[in-house]
Amino acid sequence: MTKNNRIIYGLILILGIAAPFLFPGFKLQISFMWLLVVLALTWDVQGGQMGYNSFGNILFFGIGMYVCAGVQIGMFFPLAEWTASGGEETFVHTPTQYFQGFFIGLILSGIVPGIVAALIGYGVLGLRGQYFAICTLGLGIAAGEIAGGIELIGAGQGMTSPPWPKNIGSLELRSQFFYYLCFALMAATFLFLKYAYQTRFGLVLNAIRDNEDKAEAMGIHTMRYKITGWIVSACFLGVAGGLMGNMVGYIEPVEIAFAGATFGVFMVLMAILGGKGTLWGPVIGAIAFHIFKEGFWTFFLGWQYVALGALIVIIVVFFPEGIMGWLRERYPDKFGETVDESDIKAQVELK
Amino acid sequence: MSNILQVERVSKYFGGVKANENISLTVEKGSIVGLIGPNGSGKTTLFNSIVGTHPIDRGSIQFDGKEVSELPVPAVAKLGLLRTFQQTRIYGKLNCIENMLISSKQEKENIFTMFSKIPEELTVKAENLLKFVGLYQKRKLRAGDLSFGQQKLLELAMALMNEPKMLLLDEPTAGINPTLINGIIDRLLTINKEYGITLLVIEHNMRVIMNLAQRIFCLAHGQLLAEGEPDQIKNDQRVIDAYLGAQ
Ligand SMILES: Nc1ncnc2c1ncn2[C@@H]1O[C@H](COP(=O)(O)OP(=O)(O)OP(=O)(O)O)[C@@H](O)[C@H]1O
Ligand SMILES: [Mg+2]
């Protein structure tokens, strides 16, 4: 790591840790922002690095959300009664129960979506191009419909997640607790992907994006990498879902859990805005997008979706490669694209 | 000497098109063999059949004593049988070094090898091979920004990076200027002699194939028309009629 990098990472870490105290009024907003970064980063594993436009990653987000809340409740109380009765009125988690359930729920909210990704991966990732895109779109929509039909998890009415225990401190503490978890998840996702992109895994994903047939012809079992990549996305995304469900406090199948029309689209937009296929692109894209979006909702209320649409058009027309792609085109040498000075006009010469 | 590749009575149809019909050919280990024939005579299709791009309709293909006609493409490649493409295929958005690194042979592909860093020695090996094909200066450029001929050379270097036992080359000199062609012929001869890689080469350039190959097979209309040494082929009346044309 160069000195410059260390300074940048140090600054982000300090800012991330200090943010709840610097901007106490925006704690929840910034927590959501970190989750959006996770959404963009995990989408980019498929959409950017691997060149598979997935419109169904929201599936894992939703599964994680339901699994986490379901485990939190089901570990101590009958889940069916909780969902039927608006259970938080009848059943109360003690603080120990709350944190035990939350801890185990959060772990499973990573594992279960990972398993789902592994199970459906072989079939779905065998499709290419538009077929893959359409198929994943269908998956996300179907998941919302299915969840809306399962009584155990509240069907179409949705379910509540366990409320913060009453006797352990203020709601202030609650929002800090979730803030740091969101920040930690974002950091973990980022650092894992940063490492993974330096390994063979990252190179193979890029090779699949550039020419999958060639990669196979060179002896690479591309399917293994595609599935592994999807599992990675699903795990981090699932945990993000688990956190989101707890922060919002209420899980609804189509608008919150399998929210293809909002989060499902946002994750694509954010990655494209920042520059897909780069490590920093999704991070920058998510932060910029969140700020824009909150601005629209504040200043253009009523017109917010029009403003958002205009933003999308501007991105696609003027920054098709995103912010990072645009920078790369302007300053290629900063991205390591150089020709040896000694031989700048070199033609291939074979003696 | 033994045969490294043995193609027996292979047929491949696309609907009504008989792209390969009952083709048999053998390639001796360590040799350079040519494959010629008019456009559309089924040469590329035969390559595709050999490496498993599509299932064949009939016949058997043995590589290194092993039946490969049922194996998927990556499995055949892992056995050491690689092909290059007529429409050159490289990873356009990766730079030349990365193109090379990704091409190195990976015996095992599991969670540990996937997430391990690429060893330093590989970069050195990649640079040496890029020097060998004259692309060292361009090593940090995106492969997609190279000229067509340079991409062909890169593709060749990528194949070498994989240390195959045998290479199927689909028109290695198409679109390359005449002086560079001589360089490529030399490189191919070196690859064959020093690295001991067996070559099966599709070529339309007669000068190239006559200089390279010890044995030539000629296809026409999906069928094997003739086989023999370069001089025999050059003077074979059927080949002249179908392909070389009266001179
Ligand atoms: N995937 C495919 N689907 C249908 N027809 C095909 C397919 N691939 C090849 N063909 C047909 O098979 C025949 C042989 O094509 P092939 O590409 O093998 O020729 P070739 O000898 O390599 O020619 P060239 O010298 O022009 O490269 C052609 O008639 C072609 O149209
Ligand atoms: Mg061909």
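Brief remarks on what is shown
- Of all residues in segment A:199-222 being more than 7 Å from every other protein chain (Cβ to nearest Cβ) and among the hydrophobic types (A, V, I, L, M, F, W, C), the one that is nearest to B:GLU163 (Cα to Cα): A:ALA215
- Residues of segment B:54-83 satisfying the condition of being within 16 Å of ligand 2 (Cβ to nearest atom) and either surrounded by 22 or more Cβ atoms within 10 Å (Cβ to Cβ) or at the interface with chain A (Cβ under 7 Å from one of its Cβ atoms) (or both): B:ARG83
- Residues satisfying the stated conditions in segment B:26-45, i.e. β-branched (Val, Ile, Thr) and open to solvent by 10 Å² or more (accessible area, probe 1.4 Å): B:THR26, B:THR44, B:THR45
- Cross-chain or 6+ apart pairs with Cβ under 9 Å, segment B:84-100 first and within 8 Å of chain A (Cβ to nearest Cβ), then within 14 Å of ligand 2 (Cβ to nearest atom) and of a type outside the set (A, V, I, L, M, F, W, C): B:PHE85/B:THR44; B:PHE85/B:ASP170
- The lone criterion from (1) of a type in the set (Lys, Arg); (2) within 17 Å of the chain's Cα centre (by Cα); (3) buried (at least 17 other Cβ atoms within 10 Å of the Cβ) left unmet by A:ARG209 is number (2).
- Exclusive hit being more than 16 Å from ligand 1 (Cβ to nearest atom), touching a Lys or Arg at 6+ places or on another chain (Cβ under 7 Å) and of a type outside the set (A, V, I, L, M, F, W, C), set B:GLY65, B:GLY59, B:GLY80: B:GLY80
- Pairs where the first residue, in segment B:42-53, is more than 14 Å from chain A (Cβ to nearest Cβ) and of a type in the set (D, E, K, R) and the second is within 13 Å of ligand 2 (Cβ to nearest atom) and outside any helix (DSSP H, G or I), C-beta under 6 Å, 6+ apart: B:LYS43/B:LEU35; B:LYS43/B:GLY37; B:LYS43/B:ILE202; B:LYS43/B:LEU219
- The residues of segment B:90-116 that are open to solvent by less than 10 Å² (accessible area, probe 1.4 Å) and not polar (S, T, N, Q), listed by number, are B:TYR91, B:LEU94, B:CYS96, B:MET100, B:ILE102, B:MET114.
- Boolean, A:ILE291 is modelled with pLDDT of 95 or more and either among the hydrophobic types (A, V, I, L, M, F, W, C) or outside any helix (DSSP H, G or I) (or both): no
- Pick from segment B:100-130, criterion assigned to a helix (DSSP H, G or I) and among the β-branched types (Val, Ile, Thr), ranking: nearest to ligand 2 (Cβ to nearest atom): B:ILE102
- Residues of segment B:166-219 satisfying the condition of being closer than 12 Å to B:ILE36 by Cα, of a type in the set (A, V, I, L, M) and touching a Gly at 6+ places or on another chain (Cβ under 6 Å): B:VAL201, B:ILE209, B:ALA213, B:ILE216, B:LEU219
- Picking from residues in segment B:156-192 that are within 15 Å of the chain's Cα centre (by Cα) and within 16 Å of ligand 1 (Cβ to nearest atom), the one that is modelled with the lowest pLDDT is B:ALA174.
- Matching entry among A:ILE231, A:ILE256 (being more than 14 Å from every other protein chain (Cβ to nearest Cβ), under 23 Å from A:CYS182 (Cβ atoms) and either out of contact with any Leu (no Cβ under 9 Å at 6 or more places or on another chain) or buried (at least 23 other Cβ atoms within 10 Å of the Cβ) (or both)): A:ILE256
- Some residue of segment B:4-25 being among the polar types (S, T, N, Q), within 16 Å of ligand 2 (Cβ to nearest atom), open to solvent by less than 10 Å² (accessible area, probe 1.4 Å) and in contact with a helix residue (DSSP H, G or I) (Cβ under 7 Å, 6 or more places away or on another chain): yes
- Options A:ILE104, A:ILE12: the member that is assigned to a helix (DSSP H, G or I) and either touching a residue at least 40 places away in the same chain (Cβ under 8 Å) or more than 20 Å from the chain's Cα centre (by Cα) (or both): A:ILE104
- When residues of segment B:188-207 are limited to those that are more than 14 Å from every other protein chain (Cβ to nearest Cβ) and among the β-branched types (Val, Ile, Thr), the one nearest to B:PHE132 (Cα to Cα): B:ILE197
- Any hit, segment A:185-193, residues being of a type in the set (A, V, I, L, M, F, W, C), crowded, with 23+ Cβ neighbours inside 10 Å, more than 30 Å from A:PRO20 (Cβ to Cβ) and more than 14 Å from every other protein chain (Cβ to nearest Cβ): no
- Among the residues of segment B:140-187, the ones that are more than 8 Å from chain A (Cβ to nearest Cβ) and among the basic types (Lys, Arg) come to 2 in all.
- Taking the listed residues A:PHE91, A:PHE32, the one that is open to solvent by 20 Å² or more (accessible area, probe 1.4 Å) and either touching a strand residue (DSSP E or B) at 6+ places or on another chain (Cβ under 6 Å) or assigned to a loop (DSSP other than H, G, I, E, B) (or both) is A:PHE91, with no other qualifying.
- Residue in segment A:321-336 that is modelled with the highest pLDDT, counting only those that are within 14 Å of chain B (Cβ to nearest Cβ) and open to solvent by 40 Å² or more (accessible area, probe 1.4 Å): A:GLU321
- Of all the residues in segment A:113-132, those that are open to solvent by less than 50 Å² (accessible area, probe 1.4 Å) and either among the hydroxyl-bearing types (Ser, Thr, Tyr) or under 18 Å from A:ILE251 (Cα atoms) (or both) number 1.
The values are calculated or read from the model by the stated rules, or taken from the named source; none is laboratory data. This one's a predicted model, so the numbers in the text were calculated from it and none came from an experiment. Cβ atoms come from the backbone with ideal geometry, glycine included; neighbour counts cover every protein chain shown. Heavy atoms of the whole protein, side chains included, go into the accessibility calculation; ligands, DNA and RNA do not. Shrake-Rupley method; radii C 1.70, N 1.55, O 1.52, S 1.80 Å.
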